Every structure is written in C-alpha cells, then in structure tokens.
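Report on the following structure.
The values are calculated or read from the model by the stated rules, or taken from the named source; none is laboratory data. All of these numbers come straight from a predicted model, not from anything done at the bench. Cβ placement follows ideal geometry from the backbone for every residue including glycine, while neighbour counts extend to all protein chains displayed.
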Amino acid sequence: MTQYALVVEIAQDDNSLGNLKPINDAETVADTEKFLLVVDEFEKVFTVCIDKEERQRFIELLTGVVEIHDSRLAVVITMRGDFLESCLDNPPLTQLIQTQAVFMPSLTGVDLKETIAKPAKLQVHSLEEAGALKILQNFQQEPGSLSLLEFALTKLWDKREQKKNQLTQEEYEKLGGLTAVLNLHAENVYHYQDYEKESSTQERSQQEKEWIKQIFLRLVRTGEGEKDTQQRQPKATLLNIAGDDANQQQQLNELLDGEAGLVKGRLLVTGKDEKGEVWIDLAHEALIESWQQFAQWRQQDRDLRPLSDTLENTRREWLNERPDDKYLMQKGLLAEVRDSWQQLQPDLQSPQQDEDFYQRSDADEKDRIAEMERALTESQLREKAARVDDLLPLQPLDSLVLAIQAVGENQEKLPQQILASVQNSLNRVVNKARVSIPFCGHEGNVSSVAISADGQTIVSSGTDGTVRLWNYQGLPLAEPLRGHQGNISSVAISADGQTIVSSSTDGTVRLWNLQGLPLAEPLRGHQGNVSSVAISADGQTIVSGGADGTVRLWNRQGFPLAKPLRGHKNDVSSVAISANGQTIVSGGADGTVRLWNRQGFPLAKPLRGHKNDVSSVAISADGQTIVSGGADGMVRLWNFQGLLLAEPLYGHEGNVSSVAISANGQNIVSGGADGTVRLWNRQGLSLAEPLRGHESYVNSVAISADGQTIVSGGTDGTVQLWNRQGLPLTEPLRGHEGNVRSVAISTNGQTILSGSTDGTVRFWNHQGLALAEPLPGHEGWVYSVTISADGQTIASGGTDGTVRLWNHQGLALAKPLRGHEGWVYSVAISPDGQTIVSGGSDGTVRLWNLQGLPLAEPLRGHEGYVNSVAISADGQTIVSGGDDGTVRLWNLQGLPLAEPLRGHQGFVNSVAISADGQTIVSGGTDGTVRLWNYQGLALAEPLRGHKGWVYSVAISADGQTIVSGGDDGTVRLWNLQGLPLAEPLRGHEGWVYSVAISADGQTIVSGGEDSTVRLWRGDWRAWLQVCCDRLRYHPVFTNPQTEEAKAACETCQKYVWSKVSG
C-alpha cells in the first residue's frame, strides 16, 4: 500500500489495516501477536495530502499509539530530514521528535564504499578501485544524492565489462559522472524514440516533446522556494493532456507505456492502486533536480502550478462531498483562478472537469454576490421609502423627488419586483405631496388669478400694476400688460382664452387680447376701486363690482348693459357670472351673497349666513351651485334658491379670501389668510390635505374646467400652479339609482360595466362618460356583471334568477338563461366568450354556452348559497365560494379538482383566479383575504386590514396585485406576499360591494353602497406618472441641482414621458 493510499485509507476507512482505527482495536488481536507498522516517506503527508483535516487525522492516529499502555502495535516513521520544520507545527509530532527521534547521518567513508561495491560483489562482479574512488569523490561533492548514485550505478551496471566481470572507471567517466548521467539519459529519452541505441536517430515529434513536458510537470508538486517533490498521478489524469480525441489519447498512451515510451525509458514507473487503477510516477526523485531540461520547465510559470494543484485538490474535495456548493472555490482562491485562467490552461490536470468546476464556482459566487447585492439594494430602498415618509409632512417636494428616484432605482436594480415599501411610499406622495410650480415675476402681491377653460393659459395681476400671461409650464406668453394707474384688483379670462378682463384701484375695467393689446377703451363708471371682475363663457358679458357698492354689466365694446345693480350696503368684494350669462352673483362687505339676472333684478332674497364680510363668490357652470367665502373663515354652498347645500366648510384659520368651483360643480377650491389652498366636494367634505406653498396670504384661487389644475396667487408675489391628479382617475360615475353591486372592466381597459339594485346594467368609458343607455331587463336587482375578453359579450345575473347576455350595443344575445332556483349572485365568462358560469342561492354552479344552453349538469357541493364564481384564463378551471365557508375548484365536466379549500371563518363572498391559474384569491365575512395555490394550499398568512366583511376581490393579469373591497368603505391593494401596496383607497360613502382591475393593472374599478362607480389609478406605474407630471415643469426638474433630482428626472423621462410620447 502506498503512503498516499495509507493516508486516505486510515483517514477515511474505519477498518483500514486490520482495524487500526480506532487504535485501541489492536488490543483485540490475539495475545501471541505483535505488529509493526512502518510508515516510509512520511514527508509525503505534507507534499501529497493537501487536505489539512485529513492530514491531521492521520497524524493523530499514528501518534495516538504512544498513549496506549503496553500496546501490541509499534510504529516506525521514516522521513527526510529537510521536512523536520513541517513537523514542528504539530505538537504531538514535535514531542515525539524531541523524545524518540533517531537521526540517520549521511553515508560516508567505508559505509558508503560498501554500499557502492557490495551489490556488484553479490553478482560476482568487482568495482575498480579507481572507479570507486571517483564515485566517492563525486558523491561527496553532491551531498544527499543517493538517488543519483542509485541511477548512476544502474547505468554503470548496464555498461559493465562482461568478460572481466568488472565495473570500470572508464565506463563511469563515459557516463559523465554522477551529476550528468541522469541528465544525459533523460535528454536522450526526451529527444529520441530509439534512445537505447548508441547513436539515436529517430527524433520525437514536437507534439511528443510537449506532452513529455506536461507529463513531468504534472508529476511534481511545486513547493516553496526551490523545494519540489514528486507526486503520483492516475494514468487517466495524464491522458487528459491529449484532450477528448481518441487517436491523440492512444498516441499519448504509447508515449507513456509503449516500446519507446517513458516507462520503458526508466524515466517513469507505473503500477496499480488498491482499486486497480493505474498510476504513473517519476522513476527517480533525482530527476527533479538533475535533469536540466526539467529544471527549466519547473521555473516557467512556477507561480501558477501551485494554483493549478490547489484547484485540482479543491475540485476533488468537492466531488468527495457529493457536490456540495459550500465546497466550491471561494473568494481568494476563486479570484486567483479567475485572474490567471488563461495562463493556467497548460497546467490543468483535468482540463474539462477543472473548467466545469471553475465555471460552477464562478457562477455560484456571482449568484451569492447578486443575492447579497439584492439584499443590500432592498435594504437601501426600504430605508429610502422610510425617509420619504419622514420628509412628507414638512418637505413634500423633497419627499416627492426621493419617492420617484427610489422607484427608478428599484426598476433598474430589481426590475422583477417593485418592493411593497417603495410602492407604498410612492402611493403616499401621490396622496399627500401636493407640490406647486411657482411662477415668479410680479413685484409685489399677486392680487388675482384666472385660468382658461382648456387650462393652457394662466392670468395673474398684482399690486405692481401689471397683468401677466403664463403658459402651463410657467413661461410668460407676452410682455406684462400695462395700462392701469394703480394696483390691479382682479382678472378674468373668457372660456375661449382670447379675452382678458382686469380691474384696478384706478376705477377702470380693461379688456385685452392674448397679445396684450387693449380691445376697447377702459370701462369707466365705478367710483373708486373696482374690486372684482368676471366674464361670461361666450365672452360677451363683463361683470364688475366695486367699492361704490354697485355691480355693473358691460358688453365687449365697453357699453353698460343695464343700470348699476344696487343692493349691497357696502363694498362689493366679488362677482361671478354663470356659463350662460343669465345669473350674476355678488358678495360684499355687508355679509350677504346676492343673485341677479342680466336685467339687474334680484333673483332671490340676499343669502345670509356669513358673520362678516363676504370676500369671494363663484357659481357652477350650470348655475345651480353658488359658493362663497368670508372673513369668518367659512366656505358656504348654496343652491339657486338660496338654500344651504351643506354645513359650512370649516378648515381655514382666518379670512377665506377666494373661492372657485369646477365646471361640473363637484369640486370647490378655497384660499385664505392662513396661506393654504383647500379642496372640497359638494357635500362639504375635504378632498385632500391642504395645499401649502405660499409663504403668506392666498389672495386668489382658480380651477380649470376639468378640475385637474388649480392656480393660486398670494402676497408672497408668486403664482402657484397645482396639478390635482391623484389616485382617483375621474369624478365618481353617477347614474345608478341604487347600490352598485357589481363592476367589471374590459381587457383593453376602455369599457367599464356596472350593475345595480336599480335593475340596470350601465356602460362607461375610461373618462367616466356613459357609453349607452342603461340596459334594463332584470326584474329585480342586478347582482353581478362581467365582460368577455374581446369586449363583445356582457353577462349579468340578478335576483330574478336569470343570467342575461348582451352585446356591446346593449342588445340581448339570447333569451334569459333560466335554471337557478333562486337568486343569481355571480356570473363569469371564459376568455373566449364561449362559456358562461353562474352561481346562486340554490347552492349550484352552472355552465352555459352562448346560446343559453346548459353545458353540464349543475355543479353541486356547496352547502348553502354560492356567492361568487370565476373561471381561469384557459377556461379549464372554475372556482366558486359560498356560505359554507369553502372555496371549490371544478373542471368543465363539473368534477372537483381538489378538496374544498377551508380557512375562512364565515361566508366566502368573493373569489378570483390569476391568468396563469396558479393563484386563487378569496375574501369573506371574517374580514380576511386569502391566497391559495392550485393544490389548495395557503400561499401566505391571511391578509388582514379591512374592518368588517370583505365583499369583493380581484387579481391583476400578472398575478402580482390583489384588490379587495369591504364594508369599511375602502379599496385595498396587496402583493402576493400579503403586504399592503398602498394606503386604503377612500372615497365611497358606505360599503364597497365590488372591485375589478384592468389587464394592465393600472386601473381599478369599484362600486358601492353610495350608488357610485369609481375609477382609481391602480399600480405604481400610474402613480409614477402622476408624480412625474407634478414636477415636469417644476424648477426642481427643469434645473435640477442635486443627484437625487437628476436621477428622479431621468426616471420620469425613461419610464413615463418617453413612453407617452412614443
């Protein structure tokens, strides 16, 4: 058994060498026997065994013998003296060396001569005395060269004088002496195939010589400094030098073992290990130093060969560990191999296996680095999201910029998933970070602002005596309009944006075109300051009110249209005119709001309620809603008859200096002495956090016709432009005269369906406009609606027990589908539009074709009402949920696909299934949303957040976003891990009965108890667009000063604006 085999055998096999391990097992041997274990060439423990743990275990086994009292096993270890230093690193070996070592000196004198001569004498040969002396002289010049002596004597024996039975000095000197004999022989074998001849002529090929070089380099282990040692190699490993070519491998085999091979030439030896595998080794250790060619090879790329050996040993260790990735190359070693990979190629012992091992190690490290980088990125992004929240209350602009930048960084570094925390922070800034674009130019207070119907032209006036025109980006459209001799009190702009009206403390009203040219002579009539002006939608009627207590009407030519309207007992602070020009509203310092017709007659008694001056009035486009704001800090809503529409709107701290109302009359804006701009609905509820941006009083506010843009002006000399876009996409869709029990949205997101307790199904477009007349037909409530993927087929179900099919124009496609014995609570339609599914109070699920014929027997299994059904995108899986608290899966033949899904503690009100059919969502009366896989296993902990029943659930096409609605009046968004993606969407006044989400995930639809259908921006892409649009013309983007601002701007350009323009 070889020494290396001994190391492996004892370290790995508990039964090696007659149960040597554990060592005490030797005592089980019969009393009459003693054993001697001789470990020769012990230095190979350090040169051959690279595994430190394996080496240590072997040393412990051997040195442990001394601890056994009266042991029957004795161990003798032999080792070269130049390896003593290696032993001193091991305490047990050090102790044995100090107490039991026997040092063998080099052979000299008579002993050496006897060693040289006696083997020949035994063969009845003599050694010339002169020859012996010459050999002794050479040996003394080369101390420690026993292996050289052995080889020289062998060669001398081959050249012996046969007749005289003598080894002569002459033949010894022909060999070149002790140092040259091995070198000459090796050179001869290296260069010639017929090396045995006296005059060799058959030179080896260059390929053979290159192979010899690689063979010998593989048979030596490169040590520190110049100390190299031989290392045995499996023959199969050496054959790898020839690659995978069978012919090349055969030639290499001949070079090793053939008639003219290296074994035959006594440079190599071969044998078999205990497993029968052939090995190759250097025939003489002396070759390492004495063959000059070999010595030169060893100096070439010397630093790389230990790396090749380490690579090979690490690969073997990895294989021994049943390829466990933790034994792959790591860190420093891998870095060395990576840096030197090309240079290592010639020295690789198993090129293909080593390359595979290197690539796997490299891939593993890259995966680990990527995982660490991902974890670090996630941590940094979560930290940024938290900082967004911290900045939001006091630094909304910085918060908005950071939220955008975080989304961009997330998209760049982790494109497969936008983190829930990042989405949440973006959602919050959509809701709360109302940032205005400041327009600067006025030298003094901005007294009044107005905006054209299309929102493209903003007008402002100030105490600097100028009227200024701006575009939506805040750039001046013309030179300042000058003409008034005093402060300008008020401005207005016609609906078509072509006429500007202004009034001043100089007592005049002036008309201008967009180029800043006067359209008429100044309108004179007021005695004193003209505090307010307004213009009718058609631009033909101008209204003004002033400090003289009068309201005056003018035509475009500047002529009075009626006698001054008198009634106010003090200054008239504000005037407004309805879109049709028939109703004039005025408010004054006497605390009253007054309504007049064009002829100047009062339309109602003065509207009283304000406790002080009325600072501002406005009127809706239809003339039905009047708004007023006063010094008492209140905003009041009145109808045309002068009755209050809601309780006074409280919020401002101090005077309400200005009010405005959107064209549809649904949104009211107010500005006040507290420096805030506030938004309200017709019911008097606040629509958003106060808009803060002015550094002092807000003197004037205006709102665009679509209600999306607000303009304000203040004593800080700035005009501020606010983008009102938020989570709602439109105003609530109104029309149903009952609860909205169900909503659906087409695949392209352009058609919204709703069904109501008023018995109708309604169509809406994405802008919230009705697409057709309501579809009547059901004799009772409509509980469920759905639309096919192509948008051509609508199905509805209701309390009349029928399922009805309609086309896009609202025409019936078939007779009502009858079969349910009771109410139909839910309907679904397959993506191809060919299969309709329904569930009802009779506890059955039913399948129908487009002609209204049943496709299978009713699906029975639920114990109680079936409240909800859904069908997978491939049309093969039906999901149902019911009063029995279970979710059930069925195939088209009506057979159950799995055991009922149980978990809800109460009714299951709603179910949905992802497009790939892998995720099922359910919501129930226990207030939870639950996620299941196709096998019925829960995918996450129940999603909790709703305070009360969950009435409806939906899932996006990509399966990443879940939507739920409940009786707490909220719509909620979740990811697949059950984390909230946004703050609850609030707006419904009462329960939310139904939710749906568009295929692209960007639009959410909800319907509720308040009879409204609402559209919401549904995912981070839509929220990002809102945030980017808010800052598009803001100085922070037009002239970014920080790296965060630059990165945020790039995010908007890449992910929003370029896609929109493209």
Looking only at segment 801-814, decide whether some residue is within 22 Å of D916 (Cα to Cα), surrounded by fewer than 24 Cβ atoms within 10 Å (Cβ to Cβ) and small (G, A, S). no
Inside segment 659-705, counting only strands (runs of 3 or more DSSP E) that do not spill past its ends, which hold 2 or more residues that are at pLDDT 95 or above and farther than 23 Å from G444 by Cα? none
Which residues, counting only those in segment 578-627, are assigned to a strand (DSSP E or B) and within 52 Å of the chain's Cα centre (by Cα)? S616, V617, A618, I619, T625, I626, V627
Being within 18 Å of N427 (Cα to Cα), touching a residue at least 24 places away in the same chain (Cβ under 8 Å) and surrounded by fewer than 23 Cβ atoms within 10 Å (Cβ to Cβ) is the filter here; which residues of segment 983-997 pass it? E983, P984, G987
Restricting the search to segment 370-395, which residues are over 16 Å from the mean Cα position of the chain (by Cα) and without any contact (Cβ under 8 Å) to a residue 40 or more places away in the chain? A386, R387, D389, D390, L391, P393, L394, Q395
Taking segment 823-860, which residues are free of Cβ contacts under 8 Å to residues at least 12 places away in the same chain and in contact with a Pro (Cβ under 8 Å, 6 or more places away or on another chain)? none
Search result, residues across segment 763-779 that are touching a Leu at 6+ places or on another chain (Cβ under 7 Å) and free of Cβ contacts under 8 Å to residues at least 40 places away in the same chain: N765
I'm trying to understand the selection: among the residues of segment 995-1053, which are small (G, A, S) and under 21 Å from A957 (Cα atoms)? A996, S998, A999, G1001, S1006, G1007, G1018, A1022
Mind checking whether some residue in segment 802-819 is in the same structural domain as Y934 (by TED's automatic domain parsing) and touching an Asp or Glu at 6+ places or on another chain (Cβ under 7 Å)? yes
How many residues of segment 52-93 are under 19 Å from V38 (Cα atoms) and either of a type in the set (S, T, N, Q) or in contact (Cβ under 8 Å) with a residue 12 or more places away in the chain (or both)? The answer is 28
Within segment 510-525, track down each residue that is in contact with a Pro (Cβ under 7 Å, 6 or more places away or on another chain) and either closer than 15 Å to L565 by Cβ or outside any strand (DSSP E or B) (or both). G525
Unmet requirement for A898, which otherwise passes all of (1) assigned to a strand (DSSP E or B); (2) in contact with a Phe, Trp or Tyr (Cβ under 9 Å, 6 or more places away or on another chain): (1)
With respect to A420, is the statement that it is touching a Pro at 6+ places or on another chain (Cβ under 8 Å) and among the small types (G, A, S) true? yes
Please indicate, with yes or no, whether at least one residue in segment 840-863 is within 19 Å of T793 (Cα to Cα), modelled with pLDDT of 95 or more, assigned to a strand (DSSP E or B) and among the small types (G, A, S). no
Taking the condition of a type outside the set (V, I, T), modelled with pLDDT of 90 or more, surrounded by 15 or more Cβ atoms within 10 Å (Cβ to Cβ) and not assigned by TED's automatic domain parsing to the domain that holds K52, does N247 pass? no
Taking E412 as the residue in question, decide whether it is in a helix (DSSP H, G or I) and closer than 21 Å to L981 by Cβ. yes
Might you let me know whether segment 332-340 holds any residue that is in contact with a Pro (Cβ under 9 Å, 6 or more places away or on another chain) and not aliphatic (A, V, I, L, M)? no
Are there any pairs, at least 6 apart or on different chains, whose C-beta atoms fall under 9 Å, with the first in segment 295-323 and free of Cβ contacts under 8 Å to residues at least 24 places away in the same chain and surrounded by fewer than 16 Cβ atoms within 10 Å (Cβ to Cβ) and the second assigned to a loop (DSSP other than H, G, I, E, B) and of a type in the set (S, T, N, Q), and if so, which? D303/T222
Inspect segment 242-263 for any residue being under 17 Å from E43 (Cα atoms) and either in contact (Cβ under 8 Å) with a residue 60 or more places away in the chain or in a helix (DSSP H, G or I) (or both) and give the result as yes or no. no
Of the residues in segment 526-555, those that are more than 60 Å from the chain's Cα centre (by Cα), assigned to a loop (DSSP other than H, G, I, E, B) and surrounded by fewer than 18 Cβ atoms within 10 Å (Cβ to Cβ) come to Q527, G528
So L88 ticks every box in (1) loosely packed, with under 14 Cβ neighbours inside 10 Å; (2) closer than 25 Å to R316 by Cβ; (3) modelled with pLDDT of 80 or more but one. Which box is left unticked? (2)
Close pairs from segment 908-920: first at negative phi, partner surrounded by fewer than 24 Cβ atoms within 10 Å (Cβ to Cβ) and among the polar types (S, T, N, Q), Cβ under 6 Å, at least 6 apart: I913/S872
Being modelled with pLDDT of 70 or more and under 21 Å from V181 (Cβ atoms) narrows it down to one of L136, L122, L93, so name that one. L136
If a residue must be part of a loop (DSSP other than H, G, I, E, B) and touching a strand residue (DSSP E or B) at 6+ places or on another chain (Cβ under 9 Å), how many such residues does segment 195-221 contain? 5
Take the residues in segment 999-1026 that are surrounded by fewer than 24 Cβ atoms within 10 Å (Cβ to Cβ) and among the hydroxyl-bearing types (S, T, Y), then tell me which one is nearest to the chain's Cα centre (by Cα). T1003
Return yes when V953 is of a type in the set (A, V, I, L, M, F, W, C), assigned to a strand (DSSP E or B), out of contact with any Phe, Trp or Tyr (no Cβ under 7 Å at 6 or more places or on another chain) and farther than 19 Å from V422 by Cβ and no when it is not. yes
First in segment 1019-1037 and farther than 14 Å from V429 by Cα, second anywhere and buried (at least 20 other Cβ atoms within 10 Å of the Cβ) and at pLDDT below 90, Cβ under 6 Å, 6 or more apart: Y1033/I437; H1034/I437
